[in-house]
Amino acid sequence: MRYCGGQVDFCDIDPQTRLIDLDLLQDKLEKAPEGSYEGIIPVDFAGYPVQMEQLRKIADQYGLWIIEDACHAPGAWFYDSLGQKQYCGSSQYADLAIFSFHPVKHIACGEGGMITTNDPELYAKLKQLRTHGMIYQGNDALIENHGGWYMEMQDLGYNYRMPDILCALGISQLKRASQGIAKRQAIARRYDAAFKNTQVITRTPSDDINHAYHLYIIEVNNRKELYDALRESGIYVQVHYIPVHLMPYYKELGFGKGDYPVAEAYYERCLSIPMYPTLSEEEQTYVIDKVLYYSK
Ligand SMILES: Cc1ncc(COP(=O)(O)O)c(C=O)c1O
């Protein structure tokens, strides 16, 4: 948004799902002067699907577009009001949805990503922008046509094409995608069971959604101590994420501590513990034992 000259605002999260809090969002939009906002970018955080049907209703009340950040959630879904499964990034409710193929993601190509849309105009525009703003033969929008070789640069675009070799890697990974999610979910159920009724807080998702488990996040009182102890034990734990509004860049723009208290409180306690399909039962047991031993 900032690259496009837009202003950015944030909305606090729901402490249970850690997704954008739709009640707070509605409230924020209601209180804002008309025309203050143009669009919403919800994140299917950690693999938990945002209820996009509800979000679409809110967006439509205020004439906003939606770009769904589905980078964490390929394969996740929720049920819509007709009882149909709606997959993250299907763009059924969003105008555009984005995926990342960074090595840590479900489908890893090395680098790169994907945008999905059901809007033919946006699709054509995206295809044009990814290749230097050019359009080719067969496109009715060509202003001139000198012959089979002819194409036109009609806009200032980018070189945003993914290398074919990385695409081939991604396509091959698609075959294992469902299996990978099933393994992640089995790992999550084992963590859930191990931490039940302990000092380690987990957030079991509601039964009527399918969580893609890009991340498995626990919340504890002694996060820093636990982070250090687990790293020293050879366990690669991480923190997702430092609230973006507390980054120096956004502080410069006027955001600050206290603006989004739920996200800030979550940040004080969160820790992502190993979650990937090849995590063995033995390795997971080691992680569980160490987490229980060092956490408060
Ligand atoms: C939720 C989310 N959105 C967007 C991105 C950016 O993806 P990329 O690094 O492929 O541009 C990431 C990367 O980690 C992410 O986690």
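The values are calculated or read from the model by the stated rules, or taken from the named source; none is laboratory data. As the structure is a prediction and not an experimental result, all values here were calculated from the model. Don't worry about glycine lacking a Cβ; one is built from the backbone with ideal geometry, like all the others, and counts go over all protein chains shown. To get the accessible areas, we keep the full protein, side chains included, count just its heavy atoms, and leave off ligands, DNA and RNA. Shrake-Rupley method; radii C 1.70, N 1.55, O 1.52, S 1.80 Å.
Scanning the range 144-157 for residues that are more than 24 Å from T278 (Cα to Cα) and under 27 Å from the mean Cα position of the chain (by Cα) turns up at least one hit. E152 passes every criterion in (1) without any contact (Cβ under 8 Å) to a residue 24 or more places away in the chain; (2) open to solvent by 40 Å² or more (accessible area, probe 1.4 Å) apart from (2). The number of residues in the range 249-267 being open to solvent by 70 Å² or more (accessible area, probe 1.4 Å) and touching a strand residue (DSSP E or B) at 6+ places or on another chain (Cβ under 9 Å) comes to 0. Considering (1) more than 18 Å from P205 (Cα to Cα); (2) assigned to a loop (DSSP other than H, G, I, E, B); (3) at pLDDT 95 or above; (4) open to solvent by less than 20 Å² (accessible area, probe 1.4 Å), the lone condition that A108 does not fulfil carries the number (3). Can you tell me which residue is farthest from the ligand (Cβ to nearest atom) among those in the range 43-57 that are open to solvent by 10 Å² or more (accessible area, probe 1.4 Å) and in a helix (DSSP H, G or I)? So the residue we want is K57. Only residues that are assigned to a loop (DSSP other than H, G, I, E, B) and either free of Cβ contacts under 8 Å to residues at least 60 places away in the same chain or over 19 Å from Y48 (Cα atoms) (or both) were counted across the range 72-103, and they come to 14. In this structure, is I209 open to solvent by less than 20 Å² (accessible area, probe 1.4 Å) and touching a residue at least 12 places away in the same chain (Cβ under 8 Å)? No; evaluated as a whole, the condition is false for this residue. Residues in the range 229-248 that are free of Cβ contacts under 8 Å to residues at least 40 places away in the same chain and open to solvent by less than 60 Å² (accessible area, probe 1.4 Å): V237, V239, P243, L246. Could you please find all residues in the range 208-235 being within 16 Å of the ligand (Cβ to nearest atom) and out of contact with any Lys or Arg (no Cβ under 9 Å at 6 or more places or on another chain)? Correct list: L215 only. Pairs meeting the criteria (first residue in the range 255-267 and closer than 21 Å to N222 by Cα, second residue open to solvent by 30 Å² or more (accessible area, probe 1.4 Å) and of a type in the set (K, R), beta carbons under 8 Å, at least 6 apart or on different chains) are E264/K257. Pairing each residue of the range 104-122 that is farther than 18 Å from A177 by Cβ and away from the ligand (no atom under 11 Å from the Cβ) with any residue that is assigned to a loop (DSSP other than H, G, I, E, B) and open to solvent by less than 30 Å² (accessible area, probe 1.4 Å), provided the two are 6+ apart or on different chains, yields C-beta distances under 7 Å for T117/S91; N118/S91. On the given criteria, is L126 more than 17 Å from the chain's Cα centre (by Cα) and not in a helix (DSSP H, G or I)? It is false that L126 is more than 17 Å from the chain's Cα centre (by Cα) and not in a helix (DSSP H, G or I).
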